[in-house]
Amino acid sequence: MTAALEYGGNSLKIADFMYVPEDPEPYNCSFNMLVKSGLWAGCAVGCECGFLTIKTFADELSALYDFQRQAVAFDAGYGNHLLFEMNGLGHLEISGEIYGNAGACYMKFRFQGDQTVLQDFIRQLKKMTVQKKLHT
């Protein structure tokens, strides 16, 4: 599964999302983060976090979209992190750092958007966090 956000040629993707409920928190979700910011692009492979962390991220982004928060941070493990900040007019700034294979390289990024890009991204994230009932 993938959640993608794009604006003005810039993009953020949480891709290849996998949730393994049998694995303990905080490492039961894995994914890759791909970022394109201006002429630069990078990929953080093998990010990990707990199911509750990514579910909380989606819920907090919903509150940001509804102007109930000004900022949302997301820790994707291994130094990879995102920050979404929005002002009262709906102007959005997405920033963060992602690290390549074994931390050999990294990308610091920042790009602008508006709240219109959030709704579909939130929907895709929430779709990822729907727990499937296990049959015994």
Go through the stretch 20-65 and give me each residue that's in a loop (DSSP other than H, G, I, E, B) and at negative phi.
Val20, Pro21, Glu22, Asp23, Pro24, Glu25, Pro26, Tyr27, Asn28, Leu39, Gly50
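Going through the stretch 42-53 one residue at a time, which ones are within 15 Å of Asn101 (Cα to Cα) and in contact (Cβ under 8 Å) with a residue 40 or more places away in the chain?
Going residue by residue through the stretch 42-53, those that are within 15 Å of Asn101 (Cα to Cα) are 42-48.
Residues satisfying the conditions are Gly42, Cys43, Ala44, Val45.
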If you go through the stretch 1-29, how many residues are touching a Gly at 6+ places or on another chain (Cβ under 9 Å) and surrounded by fewer than 18 Cβ atoms within 10 Å (Cβ to Cβ)?
8
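Give me the residue from the stretch 27-38 that is closer than 17 Å to Leu5 by Cα and without any contact (Cβ under 8 Å) to a residue 40 or more places away in the chain and, out of that set, farthest from the chain's Cα centre (by Cα). Even if it seems obvious, please write down each step before you answer.
Quick first cut of the stretch 27-38, residues closer than 17 Å to Leu5 by Cα only: 31-38.
Narrowing the set further to residues that are without any contact (Cβ under 8 Å) to a residue 40 or more places away in the chain leaves 32, 34, 36.
Working: Asn32: 10, Leu34: 10, Lys36: 13 Å.
If we take residues in the stretch 27-38 being closer than 17 Å to Leu5 by Cα and without any contact (Cβ under 8 Å) to a residue 40 or more places away in the chain, then Lys36 is farthest from the chain's Cα centre (by Cα).
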Given the criterion surrounded by fewer than 17 Cβ atoms within 10 Å (Cβ to Cβ), closer than 17 Å to Lys13 by Cα and not aliphatic (A, V, I, L, M), identify the matching residue among Thr116, Thr56.
Thr116
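Would you call Leu83 buried (at least 20 other Cβ atoms within 10 Å of the Cβ), closer than 22 Å to Asp114 by Cα and within 11 Å of the chain's Cα centre (by Cα)? Lay out the reasoning, then the answer.
Values: buried (at least 20 other Cβ atoms within 10 Å of the Cβ): no; closer than 22 Å to Asp114 by Cα: yes; within 11 Å of the chain's Cα centre (by Cα): yes.
Judged against the criteria, Leu83 is not a match.
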In the stretch 93-129, residues that are closer than 22 Å to Glu48 by Cα and among the acidic types (Asp, Glu) total 1
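Every read-out reported here was derived from the displayed coordinates using simple, explicitly stated rules and does not represent laboratory data. Note that the structure is predicted; figures quoted are calculated from it, not measured. Neighbour counts run over all protein chains shown; Cβ positions are idealised from the backbone, glycine included.
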